[in-house]
Amino acid sequence: MLLDLDHFKAINESFGHQFGDHLLLLTAERIKAQLPLQARLARIGGDEFAILLQNLDEASQATKIADKLYNKLTEPFEIDGQPITVSFSIGIALDKLSHREQAETLMQDSHRAMARARALGKEHYEIFDPGMRIEAVKRFQLEAELRQAINKQEFLLYYQPIINLETGVLAGFEALVRWQHPQRGFVSPGAFIPAAEDTGLIVPMGSWILEEACTQMHRWQQQFPQAKDLMVSVNLSAKQFNQENLSQEVADILEKTGLNSQCLKLELTESAAMEDVNGTISQLVKLKALNLKLSLDDFGTGYSSLSYLHQLPTDTLKVDQSFVGRMEEKSNEDSEIVKTIISLGHQLGMDVIAEGIETAVQLAGLRKLKCNYGQGYFFSKPLPQDAATALIVENKTWLDDEMHQDGKRSLAMMQ
Ligand code: C2E
Ligand code: MG
Ligand code: MG
């Protein structure tokens, strides 16, 4: 069993190392008090304890001990008259008699289980299963391949149209990254952005994405007169956003590509923005000084502090697609949420984009609520560059009256 104190580094930094040492001692004592006599306990790293339990008949005996440990250890400690409550993650690896695992393997496996327990944050312990080993290897491969993908030019951008819901005119595109993997084919961003974040690879990748999107939009604007006011939206990951020199980099890219800064919109998710609100405000202010546009993505899922919202120099709220997707449901709750977000955005002087519009009814509902822009499969999926070019050339109006009337009729029927 491997037991790891959560946030021990932060405890050391906040209360001092002596305090941290004291906490470790008290922790060790509490653990010892809960263990059967023949168990062995060792401190194997700064905040890690390994426990060897022998002669167990079944796994539940181990989980029972894990439960007991957890309950005891999460009771407040008192150090220098100061109460402190800490949390733990526990990983358990079982040595089946038939396997006679090496001690080293057991340690590794319990470590993986512990990391899983911590990442999930639901249960306080996790039992190792061989799937975790496979997953760790897969993850390692993915990271290795990601490292090479930039040089091998395996990334490309797709462009999803954003439509002005009042006029039906194309307002711009959101650039969405795709990975064209030589063996696995298309890999969606959900499958590799998290790994790119963890490894820091998102930073060089993000620079490439930004430059590519700006280059493409500038090219379109030069080629087609109807494209001269189009905007391109580019997603920023949390790690990218926290880069000290981000605004300088964006300024350099704008200069290099020649794109008018007014035509660039940067998207930051609401949850990333709220991680450290004061840091967010100062970073956004620096970006805003470049005279570009800023958007809060996936709005409604990130627990915004409303008192901070008006301090953010953002231009746009993007209603999360989960609310738009449920607008047609009977309960009406989600329609109310969408309505509230739209009026909140407008009150704060921002415009509002709804993402994930899939039906005429959703569209009609959003237009009725005076949502400014829309994006979703109902209009178009994200498109490769040549298909997006064709759309610009076509220069059509997206809201023909018939389609609009259809949606209005169904909306009226539902009400
Ligand atoms: P996002 O920024 O909220 O992008 C919208 C996602 O919704 C896209 O998924 C898009 O394909 C999808 N979508 C659009 N319309 C509809 C619809 O009508 N129905 C449904 N069900 N889905 C729709 P995608 O391209 O898989 O991207 C997922 C997420 O990955 C993005 O969410 C964004 O957070 C991240 N991502 C994508 N490209 C980039 C990038 O270049 N850089 C960074 N940092 N993150 C990116
Ligand atoms: Mg986005
Ligand atoms: Mg979104």
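Using only the alpha carbons of the chain, what is the convex hull's orientation-averaged projected area in square nanometres? Don't skip to the answer; put the middle values down first.
Details: hull surface 102.9 nm².
Dividing the Cα hull surface by four gives the mean projection, 25.7 nm².
Putting +1 on Lys and Arg Cβ atoms and -1 on Asp and Glu Cβ atoms, find which of 14, 192, 49 reaches farthest to the positive end of the dipole of the chain.
Highest projection toward the positive end goes to 192.
What is the percent carbon and sulfur in the accessible area of the chain, measuring with a 1.4 Å probe over the protein chains and ignoring ligands? Provide the component values of the computation, followed by the final result.
Values: 10740 of 21710 Å².
Answer for the chain: carbon and sulfur cover 49 percent of the accessible area.
For the chain, what is the mean residue ellipticity at 222 nm derived from helices alone (per DSSP H run of n ≥ 4: -39500 (n - 2.57); sum divided by total residues; nearest 500 deg cm²/dmol)?
Details: 17 runs with 205 residues, N = 415.
Value at 222 nm, helices only, nearest 500: -15500 deg cm²/dmol.
Sort the following peptides by mean Cβ neighbour count (other Cβ atoms within 10 Å, averaged over residues), highest first: 325-338, 263-276.
On the way: 325-338: 15.7, 263-276: 20.4.
Highest mean packing first, the order is 263-276, 325-338.
Subtract the Cα-Cα distance of residue 198 and residue 400 from 0.36 nm times their separation in residues, and report this length gain in nm to one decimal.
Numbers: separation 202, 0.36 × 202 = 72.72 nm, distance 4.50 nm.
Stretched fully, the residue 198-residue 400 segment lengthens by 68.2 nm.
Want the number for residue 38 to residue 19: 0.36 nm per residue separation, take away the alpha-carbon distance, what's left? All intermediate terms of the calculation are to be shown ahead of the outcome.
Working: separation 19, 0.36 × 19 = 6.84 nm, distance 3.04 nm.
Difference between extended and current length: 3.8 nm.
In square nanometres, what is the average projected area of the Cα convex hull of the stretch 353-404? Could the numbers behind the result be given before it?
Numbers: hull surface 15.1 nm².
Directional mean of the projected Cα hull area for the stretch 353-404 stands at 3.8 nm².
With label points built 7 Å along Cα→Cβ from the Cα atoms of residue 386 and residue 148, find their separation and express it in nm.
For residue 386 paired with residue 148, the spin-label model returns 2.8 nm.
By a straight-distance test (C-alpha under 20 Å), which lysines pair with residue 68 as possible cross-link partners, with residues fewer than eight away in the same chain excluded?
32, 122
Span-like helices, the chain: DSSP H, alpha-carbon axial extent 30 Å or more, mean Kyte-Doolittle -1.0 or greater, which ones?
Working: long enough: 130-151 (34 Å, -0.43); 202-223 (31 Å, -0.40).
Membrane-span-like by this criterion, though nothing is claimed about a membrane: 130-151, 202-223.
Per residue, how many Å² of accessible area does the stretch 130-184 show with a 1.4 Å probe?
54
Straight-line reach from residue 381: which lysines fall under 22 Å, measuring Cα to Cα and dropping same-chain residues less than 8 apart?
Here the lysines satisfying the reach criterion relative to residue 381 are 265, 318, 396.
If the label point is 7 Å along Cα→Cβ of residue 340, which residues in the stretch 352-380 have backbone nitrogen under 19 Å from it?
Counting only backbone N, you get 352-355, 366, 369-371.
The values are calculated or read from the model by the stated rules, or taken from the named source; none is laboratory data. This is a predicted model, so every value here is computed, not measured. Glycine gets a Cβ as well: all are built from the backbone with ideal geometry, and neighbour counts include every protein chain shown. Remember, those area values only see protein heavy atoms, side chains included, never the ligands or the DNA or RNA. Shrake-Rupley method; radii C 1.70, N 1.55, O 1.52, S 1.80 Å.
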